[in-house]
1. For the stretch 41-58, give me each residue that is more than 20 Å from Val114 (Cβ to Cβ) and not in a helix (DSSP H, G or I).
2. Taking the stretch 149-180 as the region of interest, how many residues are among the hydroxyl-bearing types (Ser, Thr, Tyr), modelled with pLDDT under 90 and either surrounded by fewer than 23 Cβ atoms within 10 Å (Cβ to Cβ) or more than 19 Å from Ala94 (Cβ to Cβ) (or both)?
3. Could you tell me whether Val104 is in contact (Cβ under 8 Å) with a residue 60 or more places away in the chain and either touching a strand residue (DSSP E or B) at 6+ places or on another chain (Cβ under 9 Å) or open to solvent by less than 30 Å² (accessible area, probe 1.4 Å) (or both)?
4. Collect the residues in the stretch 68-83 that are in contact with a Leu (Cβ under 9 Å, 6 or more places away or on another chain) and either within 26 Å of Ala142 (Cα to Cα) or in a helix (DSSP H, G or I) (or both), keeping them in residue-number order.
5. Can you tell me how many residues within the stretch 43-81 are within 14 Å of the chain's Cα centre (by Cα), surrounded by 13 or more Cβ atoms within 10 Å (Cβ to Cβ), over 14 Å from Lys101 (Cα atoms) and of a type outside the set (Asp, Glu)?
6. Out of the residues in the stretch 108-121 that are at pLDDT 90 or above and either β-branched (Val, Ile, Thr) or out of contact with any helix residue (DSSP H, G or I) (no Cβ under 6 Å at 6 or more places or on another chain) (or both), which is surrounded by the most Cβ atoms within 10 Å (Cβ to Cβ)?
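The values are calculated or read from the model by the stated rules, or taken from the named source; none is laboratory data. Only a predicted model underlies this, so the values are computations on that prediction, with no experimental measurement involved. Note that we place each Cβ from the backbone using ideal geometry, even for glycine, and neighbour counts take in every protein chain shown. Note: accessible area is taken over every heavy atom of the protein model, side chains too, but ligands, DNA and RNA are not part of it. Shrake-Rupley method; radii C 1.70, N 1.55, O 1.52, S 1.80 Å.
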Amino acid sequence: MKLDDPAARQEMAEYREGVKAAMQASRELVGELLSSLPQRVGLTRAIQLHTDSFQAENPVLEMTFVVASDMQKLPEYADLALFRVLQEALDNIAKHAGATKVDVTLSFAGECAVLEIRDNGMGMEKLAAPLELAKQGRYGLAGMQERLDAVNGTLEIMTHLGKGTTVIARVPVESPDVTTATWRPNSAEAGTT
């Protein structure tokens, strides 16, 4: 096959498009499998598998995952909301933080399951509210907030330039009947990595 032949170039272009489509379909399938992971193996195991995979993809990061000894099985809505927050937080760390250390903690506080993701990355000087970021085409934090709103959860993000970022998601383990949310960027506890 000669590459200067128009028919050969067309065939190669079609081949490339087919490969791109297959790769996209694979990504979508992996995404679907990951989103159902908490339902299949439970939240604790899903987080462990995801953090292991994340660290393998980002070997420069030192990761820890700690589960409170009093951790119990959570309702499916809580599992999925917390797992999605974890996915987005780790995605943001990989893309933006420049971190070398990430700590993930899953625990209980009162009647809430609490997921905390803390990194030692570059942090941010000022953090816009999730809806403001969404208006700029940056949907990650808005997606976290939306998922937590749907289950009566709260999202707290603490960050300071040069001191890393901490994301705390709280989900009540009772019925998610009422939807309220709290957004507290840069609270006083921020930057204590």
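1. Asn58
2. Restricting attention to the stretch 149-180, the residues satisfying the condition of being among the hydroxyl-bearing types (Ser, Thr, Tyr) are 154, 159, 165-166, 175, 179-180.
Checking which are modelled with pLDDT under 90 leaves us with 159, 175, 179-180.
Right, trim to either surrounded by fewer than 23 Cβ atoms within 10 Å (Cβ to Cβ) or more than 19 Å from Ala94 (Cβ to Cβ) (or both) and you get 175, 179-180.
Residues in the stretch 149-180 being among the hydroxyl-bearing types (Ser, Thr, Tyr), modelled with pLDDT under 90 and either surrounded by fewer than 23 Cβ atoms within 10 Å (Cβ to Cβ) or more than 19 Å from Ala94 (Cβ to Cβ) (or both): 3 in total.
3. Details: in contact (Cβ under 8 Å) with a residue 60 or more places away in the chain: no; either touching a strand residue (DSSP E or B) at 6+ places or on another chain (Cβ under 9 Å) or open to solvent by less than 30 Å² (accessible area, probe 1.4 Å) (or both): yes.
So Val104 does not fit the description; no.
4. Of everything in the stretch 68-83, those that are in contact with a Leu (Cβ under 9 Å, 6 or more places away or on another chain) and either within 26 Å of Ala142 (Cα to Cα) or in a helix (DSSP H, G or I) (or both) turn out to be Leu74, Ala78, Asp79, Leu80, Ala81, Leu82, Phe83.
5. Of the residues in the stretch 43-81, 8 are within 14 Å of the chain's Cα centre (by Cα), surrounded by 13 or more Cβ atoms within 10 Å (Cβ to Cβ), over 14 Å from Lys101 (Cα atoms) and of a type outside the set (Asp, Glu).
6. Per the criteria, the residue is Ile117.
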